[in-house]
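Notes follow the structure.
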Amino acid sequence: MMPNRWTLFFTLAALAWMASPVASQEPTFGHAEWESLAEVAVGAREDFGVAHDPTTGATILFGGRRPGGGESLGDTWVLQRDRGWVRKAASGPAARYGHAMAWDGHRRRVVLTGGVSNPSSLRQSSKTEGVP
């Protein structure tokens, strides 16, 4: 079952807020007590893709673009409960924004498709195995 539009909107809004400098100063709820997340180094971006890997509990963020229609980004970040945001290897799909990402539970990997790269639309799909 796919999440409805509002669920997706609020999930992405929460992730965008977590990537802001203010988020690193706010406490979050973890297990039975409040704790602060480490400083976030992801940087401001818009139109990024995000997927959650339930096998590792990691949230994967890829690409996007600089605010205000800036350059396309091609970096991959993983949010891990014990380590915070961690940048992954530089190899991966072409820089893009406006793409879609999802967890493929049957194959245990993240799938990425579509998006726009300065200056053209991308129609290829990419995949990655589960991210530790």
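Overview of results
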{"quantity": "Answer residue from the stretch 42-59, given it is β-branched (Val, Ile, Thr) and not in a loop (DSSP other than H, G, I, E, B) and is nearest to the chain's Cα centre (by Cα) among those", "calculated": "Val50"}
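Conditions tested, residue by residue: (1) in contact with a Lys or Arg (Cβ under 6 Å, 6 or more places away or on another chain); (2) at negative phi.
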| residue | (1), (2) |
| --- | --- |
| Gly74 | no, yes |
| Leu79 | no, yes |
| Gly84 | no, no |
| Ala90 | no, yes |
| Ala94 | no, yes |
| Tyr97 | yes, yes |
| Met101 | no, yes |
| Asp104 | no, yes |
| Arg107 | no, yes |
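None of the figures in this text is laboratory data; all of them are computed from the coordinates on show. None of these values were measured; they are calculated from a predicted model. In this analysis, Cβ positions are derived from the backbone assuming ideal geometry, glycine residues included, and neighbour counts consider all displayed protein chains.
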